[in-house]
Amino acid sequence: MINKGVLRQFLAATAGSLSIMNVGIILGWTSPIMEELLGPNSPIPMTVDESSWFVSVIDWGLILGSLPFGVLADRWGRKPSLQIIGPMALATWVALLYVDTFQGLLAVRFMQGLLAAGAYTVLPVYAGEIAGPKIRGALGTMFQIMMYVGILYVYAAGMYLDYTRLTYAAMAGPVVFCALFATIPESPHFYVMKNRLADAKRALVWLRGDDTGSSVDDEMDAVVECICKEMRNASFTELFTDWVSLKALIIVQGLSVFRVMAGVTALISYASITFAEMHVAVDSNKLSLVFACSVLFSALPSTVLADRVGRRPLMIVSCASCFAFDTAIFAYFYVDTCTTYDVTDYGWLCVLAVGGLSVAHTLGLGSLLSTINCELFPSNTRSIANAVNTITLTVASFLALKIYPVLADDGGMYRNYLISSLFSLTSIISCFLWLPETKGKTFAAIQAQLRKTDDLV
C-alpha cells in the first residue's frame, strides 16, 4: 500500500507543476502555428527573421522576471508567488485574441515570459521543500514532465486548430492550475523562515500524511535547526562570496547551459521546420507530436531512477547519449547538404536520432537540473540562486532560439547540431569532474557534505 504522505506530496508537486505546464503551453504554442504565421494568409504577417524574435522574445521576460519572483518567493511565500501566475497567464491568452500587429504580439509574448520566470524560479524551490529526502528526486522530475505535458497538449491541439482556436485551447491550462493549486499548503520551510512554526507544523503534518503529527516532530526539529543555522550564518552575498556556494552556483549554471545547448530546447520551438528537412513522407506537425510524446514518456523513467541510481550517474549517461545523437543528426544534415550523396531513403534514421536525443536529454539534463539546483543551496539563498539559474537558462535559450532558424536557413541545419554535439561533449567532462551526488540526503546533510569536503565531489 502506498503511503498517504507520499501520495499527498505527489499531489502537491503535481498541482504546483501545473504552473510549469502552462509554460510548456506557452513555449510549444509557437511550433504548430509557425507555418500559418509565415504563410500568405497569416493573421499577423512576419518574416523568418521576425519569427525568431517572436519565439525568443519570451526570454527577455524570463530574464527580467526571475530576480523579482525570487524576492517575492522569500517575502510573500512560495505558494502565493506561484498562484498569481494562473490568472495572469489567462489574461495573456485573452489578449492574444485581440492583438493584430507584430509589435503587439511581441508585447504579449514578453508578458508570458515574465510569468514563465515565476514558474521557473519558484516551482523547483517549492517542490524541493515539500518533498521528503527519499522522493525529492522523483518530485523534482515533475517539473519537466508537466512542462512536456503542456507541450504535448498544444502540439496535439495544433494539428487540428488554427491560430485563434489554438489560443482558446491554451486557456485551459491556467484555469486547471488555479482550481487545483488553491487547495495545496505552503512550503513548511518558508513558514519556518518567517517563524510561523505552528503553520509549518500543520503543513508538514498534511504533507507527510500523519494526522496526529507524532512522526513529523523529528523532521520539524531538523528543519528548524537547519534553517536557523542558515539564516544566522549566511546571507544573500554569500552566494557570490563564499567559495562553496560560488562553486555550486558555477556548476548549476554550467548544467543550465548544457541543458539548453544539447539541442532539444530549440527543437521544441522549431520542430515542424526541422522535421520538414528530413525527407520523410509524413506531415511535419504529426512528427512534432510524436517528438513531444517521446520527450514526455522518456521523462517517466527518471522519476524512478533519480532516487535509485542517483543524480550523478544519470547526468553522465544523459550527456554522453546526447553527444552521440547530436553527432548522428549533424552527420545526416551535413551529408545531405554538403555532399552529393542521396540520403532521402535514410530520413527515418534522422527521425529516430531525434527521438533518441529527446530520451537522452530528458533522462538527466532535462529532468534533474531543477532538483540539483534546489539541493545545492541553503534556504536563505535557494530562491535567489534559482532566479540566477533561470536567467542563465534564459540567456542561453534566447541565443539558441535566435540563431537556430538563422543557421538552418539555406541548408545550414547541420551547423546547429555541430554546436550541440560540442556542448554535449563538454558536459560529459564537466559532470564527471565536478557534479556531486545528493541522492537521499536531507538539505542539512547536503550542506554539511559540501562544507566538509569543499570540493563538491
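Things worth noting here:
- Taking the listed residues Tyr346, Tyr334, the one that is at pLDDT 90 or above, surrounded by fewer than 18 Cβ atoms within 10 Å (Cβ to Cβ), closer than 26 Å to Met413 by Cβ and over 20 Å from the mean Cα position of the chain (by Cα) is Tyr334, with no other qualifying.
- Taking the numbered list (1) open to solvent by 10 Å² or more (accessible area, probe 1.4 Å); (2) hydrophobic (A, V, I, L, M, F, W, C); (3) farther than 22 Å from Val223 by Cα in turn, Ala387 passes all entries but (1).
- Scanning the stretch 410-456 for residues that are within 30 Å of Ser358 (Cβ to Cβ) and at pLDDT below 80, we see that the one that is surrounded by the most Cβ atoms within 10 Å (Cβ to Cβ) is Leu456.
- Condition broken by Arg382, with the remaining ones in (1) within 23 Å of Gly137 (Cα to Cα); (2) open to solvent by 40 Å² or more (accessible area, probe 1.4 Å); (3) basic (Lys, Arg) satisfied: (2)
- Scanning the stretch 3-37 for residues that are open to solvent by 20 Å² or more (accessible area, probe 1.4 Å), hydrophobic (A, V, I, L, M, F, W, C) and in contact with a Leu (Cβ under 8 Å, 6 or more places away or on another chain) turns up just one, Phe10.
- The residues of the stretch 1-22 that are farther than 30 Å from Thr92 by Cα, in contact with a helix residue (DSSP H, G or I) (Cβ under 7 Å, 6 or more places away or on another chain) and modelled with pLDDT of 90 or more, listed by number, are Arg8, Gln9.
- From the list Val295, Val280, the lone residue that is surrounded by 21 or more Cβ atoms within 10 Å (Cβ to Cβ) and of a type in the set (Val, Ile, Thr) is Val295.
- Listed by first and then second residue, the pairs linking a residue in the stretch 316-339 that is over 13 Å from Val351 (Cα atoms) to a residue that is among the charged types (D, E, K, R) and open to solvent by 40 Å² or more (accessible area, probe 1.4 Å), with Cβ atoms under 8 Å apart and 6 or more places separating them unless they lie on different chains, are Asp336/Glu277.
- The one condition in (1) open to solvent by less than 20 Å² (accessible area, probe 1.4 Å); (2) under 30 Å from Val192 (Cβ atoms) that Ala400 fails to fulfil: (2)
- Helices (runs of 4 or more DSSP H) wholly inside the stretch 38-107 containing at least 3 residues that are surrounded by fewer than 19 Cβ atoms within 10 Å (Cβ to Cβ): 48-56, 58-75, 85-96
The values are calculated or read from the model by the stated rules, or taken from the named source; none is laboratory data. Fair warning: this is a prediction, and the values are worked out from it, not measured in the lab. For neighbour counting, all protein chains shown are included, and Cβ atoms are generated from backbone atoms with ideal geometry for every residue, glycine included. Note: areas computed on protein heavy atoms with side chains; ligands, DNA, RNA excluded. Shrake-Rupley method; radii C 1.70, N 1.55, O 1.52, S 1.80 Å.
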